[in-house]
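To start, the structure itself, in structure tokens.
Computed from the coordinates by the stated procedures, all read-outs in this text should not be read as laboratory data. Note that the coordinates shown come from a computational prediction; the quantities given were computed from them, not determined experimentally. Using ideal geometry, Cβ is built from the backbone for each residue, glycine included, and neighbour counts are taken over all protein chains shown.
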Amino acid sequence: MKKIAVLALNTFRESIRDKIFYSLLAFAVLMLGFSLILGNLTIGDEIKIIKDFGLAAISLFGVLIAIFVGISLVYKEMEKRTIYVILANPISRYQFVLGKYLGLSFTLMVEVVVMTAGLFVLCYLKQQLIPWELFMAIVPICFELQLILAVALLFSTFVSPFLSGMLTLAVFIIGHLTLDFKVLVASLDNPALKKTADVLYYSFPNLETLNFKARVVHGIDIPWTEFIFSLSYAATYTIMILALSLYIFNKRDIR
Amino acid sequence: MSTAAISISGVSKTYRTGFWGKKFVALDALSLSVEKGEILGYLGPNGAGKTTTFKVLLDLIRPDSGTLSIFGDPADQKARERVGYLPENPYFYMYLTAEETLHFHGRLRGMKGEARKKRIPELLHLVGLEHAKSRSLKKFSRGMLQRIGIAQALVNNPDILILDEPMSGLDPNGRKQMRDIILGCRDQGKTVIFSSHILSDVEIMCDRAAIIRQGKLQEIVQVSEMLDNKVAHWEITCSSLPENSPYEDCIVHKTKNQILLKTNGEVEAKKMIQKIEESGGRVLSFGPQRVNLEEFYNQSGKEEK
Amino acid sequence: MYLQIRKNFFSIAPIVLIILCYSVVFGLQKHIDKTPKKTPIFSDISYLPNGTFLKGLALSYDEALADLLWIKAIGFFGSQGVIDKKNEKLHVLINIVTTLDPLFQYPYEFAGIVFSDDSKTVDRSIEILEKGIANVPHKDRRYWYLPFFMAYNYMHHKEDYLMAAKYLEIAASFPQSPPYLPLLVSRLYANSQDPELALPFLQEMLASADTPERIAELDKRIKDIKIKQHISVFNTAIKKFHEYTGRYPTDLKELVGANILKSLPIEPYGGEYKIIKKGIVQSTSDVDDLNLHLDKKTQETDQPLIFLEEPK
Ligand SMILES: Nc1ncnc2c1ncn2[C@@H]1O[C@H](COP(=O)(O)OP(=O)(O)OP(=O)(O)O)[C@@H](O)[C@H]1O
Ligand SMILES: [Mg+2]
């Protein structure tokens with residue numbers, strides 16, 4: 001357990017020294033600029049635009065970081081051969097993978113917290129009110145990020161970063177489209193297509209279940225059961241992907 | 001039966017490469033054991049399987065068959081607590097400083113804070129990196145990385161050291177330091193196995209040397225006994241050879257002014273000298289040569305072919 | 001022995017965990033699906049910037065973005081079942097999609113049909129179809145549907161039969177259009193007020209309808225038109241009956257008896273036709289007002305069920 005923490009902290013340190021956090025600066029500028037421009041373009045609800053774009057940016061930046069850093073988690077260690085010295089220590093493979101995962105997931109959470117703070121400041125400046133209710137959307141975003149990160153990690157245990165980046169991106173996109181696809185196909189009379197939609201739906205993570213953004217921004221009540229179920233869904237899915245990564249990584253040679 | 005420090009028995013490993021999983025036998029039923037407190041040199045041509053052996057020992061690579069044990073126990077996570085490893089061309093996290101790297105590895109080996117604080121300055125001193133301890137490894141030279149590599153391997157004072165080409169990349173001074181470190185480890189009762197292409201190093205330091213070729217153990221040489229061995233051949237340096245002499249075959253090396261000859265028996269050599277002097281040549285030097293590792297190494301290579 | 005077990009444990013544990021997790025995931029998924037989400041996916045649509053602005057944002061992926069929005073839209077309107085005709089969202093969305101990808105035929109057709117259901121939104125339908133007629137490439141297989149439904153709008157809602165005929169002629173000039181179109185054009189020019197003229201349009205709509213609700217709705221409209229048409233046939237027959245006998249029939253069967261009708265048409269809903277006052281026929285099923293002025297003029301028809309015959 002302690003060794004996992006050591007590895008996690010080191011991974012976190014790596015992300016700090018690799019200046020991943022510069023992306024936060026980009027986030028701040030982008031969000032500010034966007035919301036100001038859009039706020040001027042739309043008549044009326046400026047604060048809504050800020051919230052919409054803020055949430056979208058938090059999720060998008062999070063996903064980008066999760067993918068770009070996650071895909072190189074394990075593979076980069078092998079490519080740069082840093083893994084030999086690490087794994088020659090008395091640690092097991094699963095400690096290594098979990099340490100890497102937790103370190104990066106911690107990084108992601110810090111990013112989300114900073115971005116959220118930025119969004120709140122912007123909202124406060126515009127409205128003199130802090131929109132605490134946005135957490136109902138941000139917490140599911142965090143869960144989604146964890147899931148995406150686990151997927152990136154899974155791919156990075158056995159394919160090159162470029163390919164795993166592509167694959168993770170595909171999972172992200174498909175994960176958001178399967179629901180639409182299923183609904184669309186349900187109205188058609190094509191059993192083969194329906195079957196395909198079902199297979200897709202149940203074999204890819206359904207990321208739309210974690211999308212509460214629109215409802216939160218519009219102040220529509222979200223049933224607690226749905227909220228809890230969605231989060232448990234994401235958490236279980238993440239654990240499953242992690243277990244799969246461990247299984248694969250544990251079997252392979254570190255050459 | 002006393003337990004060996006490292007015992008490898010019947011280990012085979014086949015790599016599969018490329019799209020079609022083409023097979024390549026890297027280790028072929030390799031058996032080898034390293035006794036407690038000895039220094040074993042591990043020799044073999046490039047691609048013989050030395051690095052592979054080490055990786056199998058450290059569970060980085062899973063063998064197809066065979067068993068590996070360290071002090072009688074399976075070579076697993078627990079056993080690695082007693083092992084320090086220096087990979088060939090060690091790579092570290094470049095964003096860490098030398099000191100941080102050692103602390104990191106110390107933590108991974110389960111060392112407590114105080115123990116690390118005491119041990120790490122000692123190690124930095126030992127490998128001569130005190131001046132660079134808070135420089136990030138990005139700015140380290142190849143040899144400095146090698147030094148930090150050995151320091152890292154020693155961080156928790158392990159009983160066994162596995163060093164993959166420890167001398168590579170080091171300057172003459174560094175080589176001497178590395179030799180001293182390794183010999184010092186033996187004095188502390190540690191067991192060392194290291195691979196090398198520099199035979200003289202092995203000759204100087206090792207108790208035994210193992211030669212591996214194409215994944216098979218070819219020979220184990222008792223280095224100390226070998227050095228006590230009888231004379232292997234005689235060497236004569238002279239200024240010129242008599243014309244049509246029967247010694248053309250004996251020439252090892254020839255420059256403008258000097259010719260180096262090599263012959264097996266003492267009697268033969270004396271005869272040679274006589275002939276040379278009779279024909280007006282000058283003998284510049286003459287003496288016996290003892291068997292060295294190079295000979296063994298080359299011989300076992302020839303037998304193979 | 002212990003080590004063996006330990007080793008096996010570590011190789012099997014992940015698999016067990018994976019299977020366990022998946023069953024939980026599957027269960028949760030099923031459970032989440034059971035509780036329908038109340039919010040429409042497009043609750044935000046009115047906040048979408050207009051299409052021209054989005055076009056800049058789409059970084060040359062305009063068409064892909066249009067497709068995505070379109071897929072979302074179809075999914076949304078499909079899941080809502082009945083399309084809310086007064087809903088602004090479809091209109092906004094179609095505008096965005098058709099601005100992002102003006103060459104995409106199907107959104108025009110879809111929205112053109114949806115908005116033509118109601119005379120209150122028919123102007124939208126006309127606007128969208130006009131945009132489509134101007135932008136969709138002529139070689140598109142389904143291009144002819146755009147002028148075809150435009151003709152329907154003018155005929156059915158606007159009663160502008162000349163415009164209707166003009167658009168129908170355009171539709172007929174495309175080789176993919178059905179062969180009966182030219183005939184329809186000439187009949188439009190000749191007898192603009194034939195309720196039966198709406199039938200082929202509705203039948204085409206029915207062929208491209210995709211949800212059961214929509215199919216049911218179109219079916220109903222077709223049946224209503226048939227009833228109107230039957231009633232107009234009865235009116236003609238009753239007038240003839242009156243000419244010959246000087247009285248009005250009390251029972252519709254008398255029309256068959258007098259050899260004016262060959263047989264009585266079947267009421268499409270399974271109801272009956274009855275004479276309620278002298279000379280006025282009504283169906284037992286309720287009929288929506290189709291905004292057609294049926295009793296202005298009567299004419300002969302080639303509806304297969306009914307034959308108007310000269311009395312002997
Ligand atoms: N990752 C790998 N995939 C496939 N084959 C490999 C891999 N690593 C090593 N080999 C092959 O295994 C054989 C043994 O390699 P190994 O690295 O053990 O040699 P070595 O004795 O350490 O050589 P050197 O003296 O050059 O370090 C080589 O022929 C090499 O081609
Ligand atoms: Mg090697």
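Placing one equal scatterer on every Cα of region B:1-122 and applying the Debye formula, the log10 ratio I(q)/I(0) at q = 0.13, 0.15, 0.17, 0.21 Å⁻¹ is -0.68, -0.85, -1.01, -1.24.
When the charge dipole of chain B is built from unit charges on Cβ atoms (+1 for Lys and Arg, -1 for Asp and Glu) and taken about the Cα centre, the candidate among B:LEU40, B:SER239, B:GLN274 whose Cα reaches farthest toward its positive end is B:LEU40.
Based on DSSP H segments of at least four residues, each scored -39500 (n - 2.57), chain B has a per-residue ellipticity at 222 nm of -10000 deg cm²/dmol. May I ask which of C:LYS30/C:LYS89; C:LYS89/C:LYS158; A:LYS251/B:LYS117; B:LYS23/B:LYS216; C:LYS120/C:LYS223; A:LYS194/C:LYS226 have a Cα-Cα span longer than 27 Å here? Violating the 27 Å Cα-Cα cut-off are C:LYS30/C:LYS89; A:LYS251/B:LYS117; A:LYS194/C:LYS226. Annotation: Cα Rg of region B:231-291 relative to the compact-globule expectation 2.2 N^0.38 Å equals 1.00. In this rough spin-label picture, where each label sits 7 Å from Cα along the Cβ direction, the C:LEU103-B:GLU130 distance is 7.5 nm.
With Cα atoms defining each centre, region A:69-125 and region B:95-120 are spaced 21 Å apart in the structure.
Sort C:118-128, B:251-261 by the packing proxy (mean of other Cβ within 10 Å over each peptide's residues), most packed first. The partial results should precede the final answer.
On the way: C:118-128: 17.9, B:251-261: 12.9.
So the order, starting with the most tightly packed, is C:118-128, B:251-261.
Residues whose amide H comes within less than 5 Å of that of B:LEU86, counting only those at least five positions distant or on another chain, are B:ILE162, B:LEU163, B:ASP164 (H built at 1.01 Å from N in the peptide plane).
Each Lys and Arg Cβ is given +1 and each Asp and Glu Cβ -1; about its Cα centre, chain A then shows a dipole of about 1040 debye. Computed from phi, the 3J(HN,Hα) profile of region A:139-155 under the Karplus parametrisation 6.51, -1.76, 1.60 (θ = phi - 60°) reads 4, x, 4, 4, 5, 5, 4, 4, 5, 4, 4, 4, 5, 4, 4, 4, 5 Hz, with x in place of Gly and Pro. Taking amide H positions as modeled 1.01 Å from N, with prolines and chain starts lacking one, no residue 5 or more places away or on another chain lies under 5 Å from B:LEU58. Across region B:138-150, rounded Karplus estimates of 3J(HN,Hα) from the backbone phi angles (6.51 cos²θ - 1.76 cosθ + 1.60, θ = phi - 60°) give 3, 9, 8, 7, 3, x, 5, 5, 4, 5, 5, x, 6 Hz, Gly and Pro being marked x.
As a calculated quantity, the FRET efficiency between A:PHE227 and C:LEU20 at R0 = 22 Å, using C-beta atoms, amounts to about 0.40. Each pair of Cα atoms in chain B enters the Kirkwood radius, and Stokes-Einstein at 10 °C and 1.306 mPa s then converts it into a translational diffusion coefficient of 72 µm²/s.
The mean number of partner chain beta-carbon atoms within 10 angstrom of a residue's beta-carbon across peptide B:77-86 is 3. Tell me, which longest segment in chain B has none of the chymotrypsin sites (Phe, Trp or Tyr not before Pro) that fall in DSSP loops with at most 10 further Cβ atoms within 10 Å? Counting only loop sites that pass the neighbour cut-off, the longest clear stretch is B:21-305. The trypsin sites (Lys or Arg not before Pro) of region B:100-179 that DSSP puts in a loop, and whose beta carbon has at most 10 other beta carbons within 10 Å, are B:LYS112. Partner shielding of B:54-62 amounts to 4, given as the average count of beta-carbon atoms from other chains within 10 Å of each residue beta-carbon. As a size descriptor, the averaged projected area of the C-alpha convex hull of region A:123-255 was calculated at 11.5 nm².
Going by average Cβ neighbours within 10 Å, how do the peptides C:256-264, A:240-248, C:140-148 rank, with the highest at the top?
Working: C:256-264: 15.7, A:240-248: 22.9, C:140-148: 21.0.
The most tightly packed comes first, giving A:240-248, C:140-148, C:256-264.
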